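Asks: Sending over a structure as structure tokens; questions will come in a sec.
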Amino acid sequence: MSVIAGTAWRILGLPICGLALAGPAWAQPEPTAVEASYTLVTLHRVEPSKLGDYEANRRQWVEAFRAAEMGEEGSFFATAGVDFTYAYIRQLSSLEEIDGTSWTRQLRSQVGPERFAALTSQGEAVVEERRELLRPLPELSYQPKVPLTAPPGHVRLGIHQVKPQHRERMLGLLEELRKAYVKTDYPFPMEAHEVLFGEGSISLVVLAPDEVSFRAAPKTVDLLKTAFGAERAE
């Protein structure tokens, strides 16, 4: 098993609605009209010298999306790592939405073709783009007794590549991890997903209010030791 994308993500102050990957991870005043069945993650690795241009372009895109009152526009994060990778996360209620044709057509009609072309072009800023389609595994996910009361400010996303012959073992490990979260009353949501297409196999997401809180929480190995003892954790 190898991790192909596992890092901390900081919110850019762009969209924050629609972040719940396997269901609402924080308290919401009203239920969403359509429950998301899939999550599409688009990863952009950006040329370091173009970071400012890229972020400015994405902010303009989000503002146009909001001004058009097109509903939940997904969530947008930047990695805190050194690879200059950004992620755009969009919720889908069906696989028919995967190409984004409906919202693309709507936004284009709202802002006009020239403005739309400028908003959707990253020029030479994007060095590499890849996509991961995730389906939630609620039976392997964890929600704390006290949900987050606001959208998270710190996201830990790991996309793991698991060999087919090791898949069942990986799922078993995730079940043990979920039990450890429950037994130790871990304070933050942990959401598990299977990767339907992309480079990975299994995705894990932990949502925290901020980086300080996340780092202060018990690490995975400590959770397992507390829940099951050092020998079993090893």
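The values are calculated or read from the model by the stated rules, or taken from the named source; none is laboratory data. Just so you know, these numbers come straight off a predicted model, no measurement behind them. Virtual Cβ from ideal backbone geometry, glycine too; neighbours counted across all protein chains shown.
Asks: Taking the stated definitions as given, is residue 218 surrounded by fewer than 19 Cβ atoms within 10 Å (Cβ to Cβ), at pLDDT 90 or above, on the phi < 0 side of the Ramachandran plot and outside any helix (DSSP H, G or I)? Spell out how you get there, then give the answer.
Replies: Numbers: surrounded by fewer than 19 Cβ atoms within 10 Å (Cβ to Cβ): yes; at pLDDT 90 or above: no; on the phi < 0 side of the Ramachandran plot: yes; outside any helix (DSSP H, G or I): yes.
In short, no.
Asks: Go through (1) under 16 Å from residue 134 (Cβ atoms); (2) at pLDDT 80 or above; (3) among the basic types (Lys, Arg) for residue 90 and report which single condition fails.
Replies: Of everything listed in (1) under 16 Å from residue 134 (Cβ atoms); (2) at pLDDT 80 or above; (3) among the basic types (Lys, Arg), residue 90 misses just condition (2).
Asks: Next question. Could you grab the pairs with beta carbons closer than 6 Å, sequence gap of 6+ or different chains, first residue in the stretch 36-50 and over 10 Å from residue 127 (Cα atoms), second one basic (Lys, Arg) and in a strand (DSSP E or B)?
Replies: 38/135; 40/90; 42/131; 43/130
Asks: Then there is this: So which residues in the stretch 119-170 are among the small types (Gly, Ala, Ser), buried (at least 19 other Cβ atoms within 10 Å of the Cβ) and under 30 Å from residue 105 (Cα atoms)?
Replies: Of everything in the stretch 119-170, just one residue is among the small types (Gly, Ala, Ser), buried (at least 19 other Cβ atoms within 10 Å of the Cβ) and under 30 Å from residue 105 (Cα atoms), namely 125.
Asks: So in the stretch 54-86, with the set limited to residues that are out of contact with any helix residue (DSSP H, G or I) (no Cβ under 9 Å at 6 or more places or on another chain) and aromatic (Phe, Trp, Tyr), which one is modelled with the lowest pLDDT?
Replies: Only one residue tops the list, namely 77.
Asks: Moving on to the next point. Test residue 192 against the criterion of being among the small types (Gly, Ala, Ser) and either farther than 30 Å from residue 96 by Cβ or in contact with a Cys (Cβ under 8 Å, 6 or more places away or on another chain) (or both), and give yes or no.
Replies: On the way: among the small types (Gly, Ala, Ser): yes; either farther than 30 Å from residue 96 by Cβ or in contact with a Cys (Cβ under 8 Å, 6 or more places away or on another chain) (or both): no.
No.
Asks: For the stretch 128-187, which positions are touching a helix residue (DSSP H, G or I) at 6+ places or on another chain (Cβ under 7 Å) and assigned to a strand (DSSP E or B)?
Replies: 142, 154, 156, listed by residue number.
Asks: Answer yes if at least one residue in the stretch 40-52 is modelled with pLDDT of 70 or more, surrounded by fewer than 19 Cβ atoms within 10 Å (Cβ to Cβ), assigned to a loop (DSSP other than H, G, I, E, B) and among the small types (Gly, Ala, Ser), and no otherwise.
Replies: Restricting attention to the stretch 40-52, the residues satisfying the condition of being modelled with pLDDT of 70 or more are 40-52.
Narrowing further to those that are surrounded by fewer than 19 Cβ atoms within 10 Å (Cβ to Cβ): 42, 45, 47-52.
If we keep only those that are assigned to a loop (DSSP other than H, G, I, E, B) as well, we get 47.
With the extra rule that they be among the small types (Gly, Ala, Ser), the set shrinks to none.
For the stretch 40-52, residues modelled with pLDDT of 70 or more, surrounded by fewer than 19 Cβ atoms within 10 Å (Cβ to Cβ), assigned to a loop (DSSP other than H, G, I, E, B) and among the small types (Gly, Ala, Ser): absent.
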